[in-house]
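A.B. asks: Before we start, here is the structure in question, set down as structure tokens.
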Amino acid sequence: MGHYEKAWQATLERIAAAERTAGRGPGSVRLLAVSKTFPAPAVRAVHALGQRAFGENYVQEAGAKLALLADLRDIEWHMIGPLQSNKARIAAASFDWIETVDRPGIAERLSAARPEVRGPLDVLVQVNVSGEASKSGCMPADALGLAQFVASLPRLRIRGIMGIPAPTADAAALRGQFRQLRSCYDACRAAGLPVDTLSMGMSADLEIAIEEGATEVRVGTAIFGARQAK
């Protein structure tokens with residue numbers, strides 16, 4: 001068994017165990033493999049195991065990988081890094097999902113730039129639950145309004161909420177941030193938006209995230225190993 005296979009299987013087993021602990025059905029949580037900074041051959045190897053969804057942080061880096069992996073027709077690319085306005089056109093044409101929409105202006109740019117032939121672009125609203133100035137995301141109080149705005153735009157499809165809590169060893173504080181993200185997601189559902197994705201939790205904290213309602217966890221290090229410098 002190769003390195004990636006062992007690590008990928010172990011991650012799937014962690015997700016399945018967390019689903020059971022939380023009393024949730026098998027397959028209720030999807031794995032997004034975070035491939036940022038890792039080369040195309042690493043993505044190809046993990047794809048060969050059965051993984052289909054991959055997350056990238058940088059438009060330029062992702063573009064090179066997309067070109068090298070163009071033969072993998074069923075691969076699904078998610079943008080999970082902050083998106084600059086001047087990169088919106090390329091991102092709208094390249095990615096299947098944008099998980100980091102945090103303001104109306106970027107949503108409008110993505111809508112205008114999405115090629116109609118590609119179908120709707122799946123969008124998550126990123127919420128800043130940590131309050132850190134270094135983190136992207138709208139304020140929790142603005143999440144529902146932004147999600148409703150995304151839903152009103154052509155060629156975009158609102159799918160849910162994404163967030164990155166502040167790293168902390170305090171499980172209660174971490175759980176509180178996850179619950180705030182869940183509250184934003186529940187508000188979208190209560191308002192009648194067709195959301196189905198709550199993206200939260202990473203390699204170190206995916207079990208708590210799943211207990212608090214995550215439907216997608218973003219895992220890089222546990223699959224690919226230590227992050228490489230960009």
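The values are calculated or read from the model by the stated rules, or taken from the named source; none is laboratory data. Remember, predicted model here, so these are calculated numbers, not experimental data. Here the Cβ is made from the backbone with ideal geometry for all residues, glycine too, and neighbour counts use every protein chain on show.
A.B. asks: How many residues, within region 133-166, are over 13 Å from Thr100 (Cβ atoms) and either hydroxyl-bearing (Ser, Thr, Tyr) or free of Cβ contacts under 8 Å to residues at least 24 places away in the same chain (or both)?
C.D. replies: Total meeting the criteria: 7.
A.B. asks: Further, regarding this structure: What strands (runs of 3 or more DSSP E), lying completely within region 1-112, carry at least 3 residues that are farther than 21 Å from Ala151 by Cβ?
C.D. replies: Numbers: elements: 30-34, 53-56, 76-79, 97-101.
Ranges flagged: 30-34, 53-56.
A.B. asks: So which residues in region 216-230 are on the phi < 0 side of the Ramachandran plot, in contact with a helix residue (DSSP H, G or I) (Cβ under 9 Å, 6 or more places away or on another chain) and surrounded by fewer than 20 Cβ atoms within 10 Å (Cβ to Cβ), if there are any at all?
C.D. replies: Ala222, Arg227, Lys230
A.B. asks: Considering only residues of region 70-80 that are farther than 11 Å from Val123 by Cβ and in contact with a helix residue (DSSP H, G or I) (Cβ under 8 Å, 6 or more places away or on another chain), which is surrounded by the most Cβ atoms within 10 Å (Cβ to Cβ)?
C.D. replies: Result: Trp77.
A.B. asks: Right, another one. Look at Leu124 and say whether it is in contact with a helix residue (DSSP H, G or I) (Cβ under 7 Å, 6 or more places away or on another chain), surrounded by 15 or more Cβ atoms within 10 Å (Cβ to Cβ) and not basic (Lys, Arg).
C.D. replies: Working: in contact with a helix residue (DSSP H, G or I) (Cβ under 7 Å, 6 or more places away or on another chain): no; surrounded by 15 or more Cβ atoms within 10 Å (Cβ to Cβ): yes; not basic (Lys, Arg): yes.
No: the conditions fail for Leu124.
A.B. asks: Same structure again: With the checklist (1) on the phi < 0 side of the Ramachandran plot; (2) surrounded by fewer than 18 Cβ atoms within 10 Å (Cβ to Cβ) in hand, flag the one item Ala62 doesn't pass.
C.D. replies: (2)
A.B. asks: Could you please give the count of residues in region 212-225 that are assigned to a loop (DSSP other than H, G, I, E, B), over 12 Å from the mean Cα position of the chain (by Cα) and within 13 Å of Phe54 (Cα to Cα)?
C.D. replies: Looking only at region 212-225, we keep the residues that are assigned to a loop (DSSP other than H, G, I, E, B), and these are 212-215, 220, 225.
From the residues that got through so far, the ones that are over 12 Å from the mean Cα position of the chain (by Cα) too are 212-213, 225.
Add one more test, that the residue is within 13 Å of Phe54 (Cα to Cα), and what stays is none.
Of the residues in region 212-225, 0 are assigned to a loop (DSSP other than H, G, I, E, B), over 12 Å from the mean Cα position of the chain (by Cα) and within 13 Å of Phe54 (Cα to Cα).
A.B. asks: Might you let me know whether region 39-47 holds any residue that is within 18 Å of Asp96 (Cα to Cα) and under 15 Å from the mean Cα position of the chain (by Cα)? Can you show your working first?
C.D. replies: In the first step, residues of region 39-47 are kept if they are within 18 Å of Asp96 (Cα to Cα); the result is 40, 43-44, 47.
With under 15 Å from the mean Cα position of the chain (by Cα) added as a condition, the list becomes none.
No, region 39-47 contains no residue that is within 18 Å of Asp96 (Cα to Cα) and under 15 Å from the mean Cα position of the chain (by Cα).
A.B. asks: State which residue is surrounded by the most Cβ atoms within 10 Å (Cβ to Cβ) when the search covers only region 1-40 and only residues that are small (Gly, Ala, Ser) and closer than 22 Å to Glu56 by Cβ. Working first, answer last.
C.D. replies: Kept after step one, since they are small (Gly, Ala, Ser), are these residues of region 1-40: 2, 7, 10, 16-18, 22-23, 25, 27-28, 33, 35, 40.
Next, only the ones that are closer than 22 Å to Glu56 by Cβ stay: 7, 33, 35, 40.
Numbers: Ala7: 19, Ala33: 25, Ser35: 27, Ala40: 15.
That would be Ser35.
A.B. asks: Which of the following residues is of a type in the set (D, E, K, R), within 28 Å of Gly137 (Cα to Cα) and under 13 Å from the mean Cα position of the chain (by Cα): Glu19, Glu56? First the steps, then the outcome.
C.D. replies: Details: Glu19 fails: under 13 Å from the mean Cα position of the chain (by Cα).
Answer to the check: Glu56.
A.B. asks: Given (1) in contact with a strand residue (DSSP E or B) (Cβ under 7 Å, 6 or more places away or on another chain); (2) modelled with pLDDT under 95, where does Gln84 come up short, assuming only one miss?
C.D. replies: (1)
A.B. asks: To continue, here is another question. For region 95-111, enumerate the residues that are small (Gly, Ala, Ser) and either buried (at least 18 other Cβ atoms within 10 Å of the Cβ) or out of contact with any helix residue (DSSP H, G or I) (no Cβ under 8 Å at 6 or more places or on another chain) (or both). Before the answer, list the steps.
C.D. replies: Taking region 95-111 and keeping what is small (Gly, Ala, Ser), we get 105, 107, 111.
Of everything in region 95-111, those that are small (Gly, Ala, Ser) and either buried (at least 18 other Cβ atoms within 10 Å of the Cβ) or out of contact with any helix residue (DSSP H, G or I) (no Cβ under 8 Å at 6 or more places or on another chain) (or both) turn out to be Ala107, Ser111.
A.B. asks: Now a separate question. Could you give me the residue pairs with C-beta distances under 7 Å whose first residue belongs to region 6-19 and is in contact (Cβ under 8 Å) with a residue 60 or more places away in the chain and over 11 Å from Glu207 (Cβ atoms), whose second residue is of a type outside the set (Gly, Ala, Ser) and assigned to a helix (DSSP H, G or I) wherever it lies, and which are 6+ apart or on separate chains?
C.D. replies: Ala7/Ile223; Trp8/Val46; Trp8/Leu49; Trp8/Ile223; Thr11/Ile223
A.B. asks: Going through region 168-206 one residue at a time, which ones are of a type in the set (Asp, Glu) and either touching a Phe, Trp or Tyr at 6+ places or on another chain (Cβ under 6 Å) or crowded, with 18+ Cβ neighbours inside 10 Å (or both)?
C.D. replies: Restricting attention to region 168-206, the residues satisfying the condition of being of a type in the set (Asp, Glu) are 170, 186, 196, 205.
If the condition is that a residue be of a type in the set (Asp, Glu) and either touching a Phe, Trp or Tyr at 6+ places or on another chain (Cβ under 6 Å) or crowded, with 18+ Cβ neighbours inside 10 Å (or both), then Asp205 is the only one that fits.
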